[in-house]
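These notes concern the structure reproduced below.
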Amino acid sequence: MPDLLQQLLNGLSQGSIYALIAVGYTMIYGIIQLINFAHGDVIMVGAYVALGCALKGLGFIPSLAVAMLTCAILGVLIERVAYRRVRPVSRLAALTSAIGVSLFLEYIMMYFLGADLRTYPAGFFPERTYSLWGITINNKDLLVLGTTLVLVLILQYVIYRTRTGKAMRAVSFDGQASQLMGINVNSTVAITFFISSAMAAAAGLLYGIYFNSVQPLMGLMPGLKAFIAAVLGGIGSVPGAMLGGILLGMTEALVAGFGGSMYRDAVAFIILILVLLIRPTGLLGKGVQEKV
Amino acid sequence: MDNLKKYLSTIIICLVLATFFVAVQWGISSGFISGYWVTNLYLVGINIILAASLNLINGFTGEFSLGHAGFMAVGAYSSAVITANLGLPFPLAVIVGMLAAALTGLLVGLPTLRLRGDYLAIATLGFGEIVRVVLMNIDYVGGASGLMGIPALVNWPIIFFSVVLSLLLIRNFICSSHGRACLSVRENDLAAQMMGVNITYYRVLAFVIGAALAGLAGVLYAHYYTILQPREFSFMLTFDVLVMVMVGGLGSLTGSVVGAVIITIASAFLQAIPELRMVIYAVLLILSAIFRPQGLLGEKEVTLNNLQKLGGVFNGTVGSKQAH
Amino acid sequence: MKKWVKVAALLVVVLALGLAAGCGGNAQKSAEGDTIKVGVNFELSGDVATYGTSCKNGILLAFEEINANGGVLGKKIEPLVQDNKSQNREARNIAERFVSEGVVAVLGPAVSGAVQTEEPVLTAAKIPVLAPAATAPEVTYDEKTKKVKDFIFRVCIIDPDQSQVMANYIYDVLGLKNGAIMVDKNNDYSVGLGETFKEYFTKKGGKIVAEEGFVSTDTAFKPQLTSIYSKKPDFIYVPAYYNQVGLIIKQAREMGIDLPIMGADGWDSPKLVELAGADNLNNCYFTNHYSVEDPSDLIQNFIKAYEKKYNTTPDAFAALGYDTAYLLAKAIEQAGSAEPEKIQQALENIEDFEGVTGKLSYDEKHNPIKEVSIIKLENGKQKLIKKMQPKH
């Protein structure tokens, strides 16, 4: 029994990181129907920026702030340069461009910083371990869970209680109609990229601290997993992304903990295919008819 | 007159092809072409098959598959089992490799091809990863250390005729009524459906043919390099092929050929700067998506007619008719 | 009908262009010069770039020293360095290129799979290959046909030697009887070590109570560790590369698992301490080809020269690379000629070659007979515990 609880806890921490990444995916897909392949790599850039700050002697919170701001700007830039012109042309062209951006970020980092694993300096985040009823909890687990919860709550507020959020919802519902209603679609999309990339940077730092490693290809797998989490939760829904992330994290921990560690990644992709076939709208998503 | 010209150009092409084939064969047997360039020549051939078959799926039916490395792995491994583990003849291996890849394509395609293009991309990407994980766990094919002792059976005639026949197959498919149906699915799937085109059937059909040809590329790969390791069939392989297709032009068969040649040769020359090579590929991909979503050649084909226009070789009929 | 003809036309043109470019390559073939050309084919980028780079650094240092001392047979050695991107097919392409450039021997690549892929090309051209770090037994010996691959020589000990020594040490010296194994299933090196360790350890009477796997891209190991810990082993054997081992050890210690953790030469990197944390590495052991703590002059001089040239402590791969280069030089000298086939003959007869990684002679399967060092980590520092001779 403590084993099972421990496994669920392992999954919860991993899942919260997925959730934080998935939120970004879901927002972008919700608004422009693009799988932002490069989202995972924005995480990587965030982790590197925070690492740079940490090596310069900045503390945890300032490093987080710098990383989030840098990535937010990077996100807007990516949208402006690589997506804006392609979006109206075709979704597949946009997806191709996104794959290109993803590889560009990975290998430009590798070119300048090398493929080596890097670690945060000792003491950047002081670690503690607690033991309760046979379960060990690290303060990193608490940090990851807490940050994800707080950021998602803030995001919910922004989307449902502010004018910007209203605009975002309107654009995602019908871009052309909202343009006719006087909403600046392009800047709304830019704001969406700004927010989601900032979240990605936070996820990057958390990921880097949680696993104590930063490298150019670190965003690839978590990015794909987070996309699966977003689909599982219902693409376009922020609480759905949170739920999907945590469910996926727990499933993976259980699979890996009970003998199937080799098939951890395969299980995630099988979940994706099953969800798309059985319930394409995901757990919390709303059904949308294809427009003619 | 038109008819005569048609036959004339067929004959010219056949002659040129035959000359090329014989010239290379002579070059190899006399040692005029060094081993290094023979390897690159074979690699160009394998890549042409990969790019053309991925183009059949992505360019002609408007799907977006990222599972090519997976199909190639299925073809490579199943054919290697036939020759290396069971000691059966090579032609059987080719058939088994292509059939296995086609069957996998069918299994993957039936459920996933009802998804829209971008979901399909992630689903097929996942499929490719699953193939790798499964191969790693099968001891019969060597697991992570790989399958060794595959007989080296690939030579220039086999590569040459595989490429020519593959291109012929794809071309004939596209120009058939099936191919036209696929194009209609790409242009507007809803409208195609209204017109009574069974869109899932055509998507699956094109997907299966593409998978089978990727399998053929795998067969050639296995029997040239004589050792297979699951880690060779990672997403990066699919990515390279995607770059070839995009550079050459989505929906242009000759474009795929050009793309495969350019990228393979470029990659041999960029050996010294591997990270930059990937950066260059990435930039190529982004630029081709932004400025020429239709690629270098777009949907145009390089044809004798077009070449004539360029060079004005035959006088008179210049520009009279397009290829379609 | 018309169109395919045109397609084919293009094919021809393009292939012809490729061919034209190809013939250009041939022209590079140079006549017998006043240097000895040696191919250096390593993983300088891609997923195992760190091993390849270390090997290459060791080799280039050695050649520099050899050339500074007058070269071999009065000629300078000219290393031709190529990057195979950690891809087997590239390794083979490079081998083909080396053949056309007329090298007398090829050094590398680092990992077993890549060496096996290039082997047919170089065997056909009768050019000897010296693999510094290819530890898989099949590299030099074909189990199916029971044939030795005549032109392949390795400088490192083979995998089963390492796992055998570690199994003996754990069972006999540390007195631990129940083990758990955790291997990287993506990696033939790791899987091979895990399998042979299990064989040796159970043969001695020990028990393996848990076996877990992971894949190279994994970062979360707590699920597997939780499962291993619940089976109550006395130690965990993790024969994988340092980048995963670092995370595994760190996560294990975070979970309060203070069992001894053991591994093999893939651990040897300064990064391990960075990743796992110095404190967490206490009570960890691994087998290696040599130890930087070894006081012998040969080793200490090598370390000094390496540190001076590259500003970093050499790892085992660098040491193996260094030995590989000197071994080649010695073989050329013994052969009295830089002809590939004579070098191969000389390598067959090498006896008691004194290298940084130990004294080397070849057995009939072209495997070196060498001692294995057991190293313990104490506060992030390596400490040489013992050198043991594996039984064949």
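The values are calculated or read from the model by the stated rules, or taken from the named source; none is laboratory data. The structure displayed is predicted, hence computed values, not measured ones. All Cβ positions, glycine included, derive from the backbone under ideal geometry; neighbour counts span all protein chains shown. Surface accessibility is based on the protein's heavy atoms, side chains included, excluding ligands, DNA and RNA. Shrake-Rupley method; radii C 1.70, N 1.55, O 1.52, S 1.80 Å.
Counting only Cβ charges, +1 for Lys and Arg and -1 for Asp and Glu, the dipole size of the stretch B:34-311 around its Cα centre is about 380 debye. Note on C:Asp297 and C:Glu339: with the Förster distance fixed at 22 Å, the Cβ-Cβ geometry gives a FRET efficiency of about 0.05.
Model label sites at B:Ser177 and A:Leu69, defined 7 Å from Cα along the beta-carbon direction, differ in position by 6.6 nm. Amide H to amide H distances under 5 Å link A:Asp116 with no residue, where only residues 5 or more positions off or on other chains count and H is placed in the peptide plane.
Give the angle, between 0 and 90 degrees and rounded to the nearest 10, that separates the Cα long axis of helix A:264-278 from the longest principal axis of the Cα atoms of chain A. Tilt relative to chain A: about 30 degrees. Between C and B, roughly 5300 Å² of accessible area is buried in total, ligands, DNA and RNA not counted and the probe set to 1.4 Å.
Short-range pairs are left out: with C-alpha atoms under 8 Å and at least six residues apart, the relative contact order of the stretch A:221-286 is 42 percent.
Remark: the stretch A:96-111, residue by residue, has Karplus-estimated 3J(HN,Hα) of 4, 4, 4, 4, x, 4, 4, 5, 4, 4, 4, 7, 5, 5, 4, 5 Hz, where x stands for each Gly or Pro and the curve is 6.51 cos²θ - 1.76 cosθ + 1.60 at θ = phi - 60°.
Remark: the stretch C:88-101, residue by residue, has Karplus-estimated 3J(HN,Hα) of 4, 5, 5, 4, 5, 4, 5, 4, 4, 5, 4, 4, 6, 8 Hz, where x stands for each Gly or Pro and the curve is 6.51 cos²θ - 1.76 cosθ + 1.60 at θ = phi - 60°. Database remark: amide H of A:Leu284 closer than 5 angstrom to the amide H of A:Gly234 (H placed geometrically; neighbours at sequence offset of 5 or more, or on other chains; Pro and chain starts carry no H). The listed residues B:Val24, A:Val76, once ranked by accessible area (1.4 Å probe) with the largest placed first, stand as A:Val76, B:Val24. Counting only DSSP beta bridges whose two residues both lie in the protein assembly as shown, roughly 45 percent are antiparallel. Placing R0 at 41 angstrom, the Cβ-Cβ distance between A:Tyr160 and C:Thr313 gives a FRET efficiency of 0.15 after rounding to 0.05. Using a probe of 1.4 Å on the protein chains alone, the accessible area found for A:Arg264 is around 10 Å².
Taken per residue, the accessible surface of the stretch C:255-379 reaches 38 Å², heavy atoms only and a 1.4 Å probe.
Using the Cβ-Cβ distance between B:Asn3 and B:Met236 with R0 set to 60 Å, the FRET efficiency from 1/(1 + (r/R0)^6) comes to roughly 0.80. Of the residues A:Tyr25, A:Tyr263, ranked by 1.4 Å probe accessible area with the largest first, the sequence reads A:Tyr263, A:Tyr25. Taking the centroid of alpha carbons for each part, the stretch A:198-259 and the stretch C:232-308 are 30 Å apart. Taking A:Leu277, A:Leu55, A:Leu143 in turn, the Gaussian network model of chain A (Cα-Cα springs below 10 Å) assigns the largest fluctuation to A:Leu277. Each residue of the stretch B:246-251 is assigned a 3J(HN,Hα), and the resulting list reads 5, 5, x, x, 5, x Hz, derived from the Karplus form 6.51 cos²θ - 1.76 cosθ + 1.60 (θ = phi - 60°), x at Gly and Pro. Report summary: the helix-based calculation at 222 nm, which adds -39500 (n - 2.57) for every DSSP H run with n ≥ 4 and divides by the residues of the protein assembly as shown, gives -20000 deg cm²/dmol.
Say we join alpha carbon atoms closer than 10 Å with springs in a Gaussian network model of chain C; which of C:Lys85, C:Lys149, C:Lys203 then has the biggest fluctuation? Maximum fluctuation in the GNM of chain C, among the listed residues, is at C:Lys203. Rolling a 1.4 Å probe over the protein heavy atoms leaves A:Met250 with an accessible area of roughly 50 Å².
Residues whose amide H lies under 5 Å from that of C:Lys85, counting only those 5 or more places away or on a different chain, are C:Leu44, C:Ser45; hydrogens are built 1.01 Å from N in the peptide plane.
By a 1.4 Å probe calculation restricted to protein chains, B:Val133 has an accessible surface near 10 Å², given to the nearest 10.
When the protein assembly as shown is described by a simple charge dipole with +1 on each Lys and Arg Cβ and -1 on each Asp and Glu Cβ, the residue from C:Pro79, A:Ser90, C:Gln164 located farthest towards its positive end is A:Ser90.
Using C-alpha pairs below 8 Å separated by at least 6 residues, the relative contact order for chain A is 37 percent. Burial here means at least 30 square angstrom less accessible surface with every protein chain in place than with the chain by itself, probed at 1.4 Å; in the stretch A:16-45 the buried residues are A:Tyr29, A:Ile35, A:Phe37. In this rough spin-label picture, where each label sits 7 Å from Cα along the Cβ direction, the C:Asp172-A:Leu58 distance is 5.6 nm.
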